[in-house]
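Chemist: My questions will all concern the structure given below.
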Amino acid sequence: MASAPSINLIVAVTDDDWFNLLRRMPDLKEVNFWAPSDSTFKALKPGELFLFKLRAPYNAIVGGGVFTHANSLPCSLAWEAFGAANGASSAHEMRARISKYRRAAPGDRSDFAIGCRILTQPFFLDEPDWIPVPASWSKNIVQFKTYNTGDHEGSQLWDAVSERLARMPAYEHVLGDRFGAPAMVRPRLGQGAFRVVITDLYERRCAISRERTLPALEAAHIRPYSEGGEHEASNGLLLRRDIHSLFDAGYVTVTPSLHFEVSRRIREEFDNGKHYYELHGQQIIVPGDPTQRPDAGALRWHNEQCFKG
């Protein structure tokens, strides 16, 4: 019988403040484990485990989550997407930390680009359950170290995490029924992760207007979460903010054939809308991966239940 494929885990160093604020937040669905620079992160694939450890004198693994996505964002947009799930109590506090780590000059008002490592299904261990770092961990590591379940230490880490989560009802859902043999975990996107994933899938351009001014772009749910829609790529579109508002209000839609349509009601109700009518009928731009494109059923729902015609 073929053995199960091995997967990676990483152990990353974090601050006490980040950890202590987040572990007190109830019903936390996602966190942003950010780095003060916009360095590229390729250590994990979506669905692998991202663990975090406290600095000395603790030197213990204290929690983790399912890695979902990594990119760089201006710190203002990272705050807008995740709020306190960034591990800071305010945007001002978060920016002050980034500024300190970057050794920014006093008075520097830059909207710093930071590295975002987005974790879903986060978990936080009680102190008696903290996991000692593997023997190979070096005190000189300042960011993270990668382990693999095909190796002894990586397998021990997986088993230690699995055993603890199995005893914690609040977190037993994290690995689902995957205790034992290491396996990828399907990330369950939260609102912030949904926004970031959609932003990158559409290459930071509005699917309709091709606008690329990032602060003006928003991730739109085709079928709203309140109406049974999910935080899934196939239920999302990246839209310019004004088009997003019109889409949610039913004044514009996207057909299952991926064409943009504008309601006559804009002209009738507002005696306006020339710019939007110029876009009427054009085919929208979608991700290259067919599995990430807008779901035809969700678009049909929007056409039938939301669009004003």
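None of the figures in this text is laboratory data; all of them are computed from the coordinates on show. What you see is a predicted model; the values in this text were computed from it and never measured. Please note: Cβ atoms are built from the backbone with ideal geometry, for glycine as well, and neighbour counts cover all protein chains shown.
Chemist: Which distance in nm do the two modelled labels at E269 and D151 give, with both placed 7 Å along the Cα-to-Cβ direction?
Modeler: According to this spin-label approximation, the distance is 5.9 nm.
Chemist: I've got another one for you. Could you give the length gained by full extension between R24 and D126, i.e. 0.36 nm per residue of separation minus their alpha carbon distance, to one decimal place?
Modeler: The R24-D126 span can extend by a further 35.6 nm.
Chemist: For the chain, what is the relative contact order in percent, using Cα pairs closer than 8 Å and at least 6 residues apart in sequence? Mind showing how you got there, number by number?
Modeler: Values: 557 pairs, mean separation 54.1, N = 309.
Once normalised by length, the contact order is 18 percent.
Chemist: Report the net charge of residues surrounding L77, where surrounding means a beta-carbon distance below 14 angstrom and charges are Lys +1, Arg +1, Asp -1, Glu -1.
Modeler: In short, 0.
Chemist: How charged is the neighbourhood of R97? Take every other residue with its Cβ under 10 Å from the Cβ of R97, and add Lys/Arg as +1 and Asp/Glu as -1.
Modeler: The answer is 0.
Chemist: With a cut-off of 8 Å between alpha carbons and a minimum separation of six or more residues, what is the relative contact order of region 202-305 in percent? It would help to have the intermediate numbers written out before the result.
Modeler: Details: 152 pairs, mean separation 31.0, N = 104.
Taking the mean separation of contacting Cα pairs over the length of region 202-305, I get 30 percent.
Chemist: Right, something else. Sequence neighbours fewer than 8 away in the same chain don't count; with that in mind, list the aspartates and glutamates whose C-alpha is under 15 Å from K53.
Modeler: The qualifying aspartates and glutamates are D15, D16, D17, D126, E127, D129.
Chemist: Also, I was wondering about something else. Using modelled backbone amide H atoms (1.01 Å from N, in-plane), which distant-in-sequence or interchain residues come within less than 5 Å of R188's amide H?
Modeler: Those qualifying (amide H under 5 Å, at least 5 residues apart or on another chain) are Q121.
Chemist: Also: Just to be sure I understand: with springs between alpha-carbon atoms less than 10 Å apart, which residue in R164, R188, R109 has the highest mean-square fluctuation in the Gaussian network model of the chain?
Modeler: R109
Chemist: Related question: With the crude spin-label approximation of a point 7 Å out along Cα→Cβ, what separation in nm comes out for N59 versus Y277?
Modeler: Simple spin-label model gives 7.2 nm for this pair.
Chemist: Cut-off 10 angstrom, C-alpha nodes, Gaussian network model of the chain. Which of W158, W18, W137 fluctuates the most?
Modeler: Result: W137 has the largest fluctuation of those listed.
Chemist: Given region 8-166, what whole percent of its Cα pairs are spread farther than 19 Å?
Modeler: Everything past 19 Å amounts to 54 percent.
Chemist: Please compute the net charge surrounding H280, taking Lys and Arg as +1 and Asp and Glu as -1 over other residues with Cβ under 12 Å from its Cβ. Walk me through the numbers on the way to the answer.
Modeler: Numbers: positive: R264, R267, K274; negative: E261, E278.
Overall, the nearby charge balance is +1.
Chemist: What distance in nm lies between label points placed 7 Å from Cα along the C-beta direction at S110 and D16?
Modeler: Taking the simple label geometry, S110 and D16 are separated by 3.0 nm.
Chemist: Calculate how many DSSP beta bridges within the chain are antiparallel, expressed in % of all such bridges and rounded to the nearest 5. All intermediate terms of the calculation are to be shown ahead of the outcome.
Modeler: Working: 37 of 43 bridges.
Bridges in the chain are about 85 percent antiparallel.
Chemist: Can you work out ³J(HN,Hα) from phi for every residue in region 203-214, in order, using Karplus 6.51 cos²θ - 1.76 cosθ + 1.60 and θ = phi - 60°, giving whole Hz and x for Gly and Pro?
Modeler: 6, 6, 9, 4, 5, 10, 8, 6, 4, 10, 6, 3
Chemist: Something else now. Translational diffusion coefficient, Stokes-Einstein: compute it for region 202-305 using the Kirkwood radius over C-alpha pairs as Rh, at 4 °C and 1.567 mPa s, and state it as an integer in µm² s⁻¹.
Modeler: 94 µm²/s
Chemist: Under 5 Å between amide hydrogens, which residues at least 5 positions from F112 or on another chain qualify, with H placed 1.01 Å from N in the peptide plane?
Modeler: Counting only residues 5 or more places away or on other chains, the set is C75.
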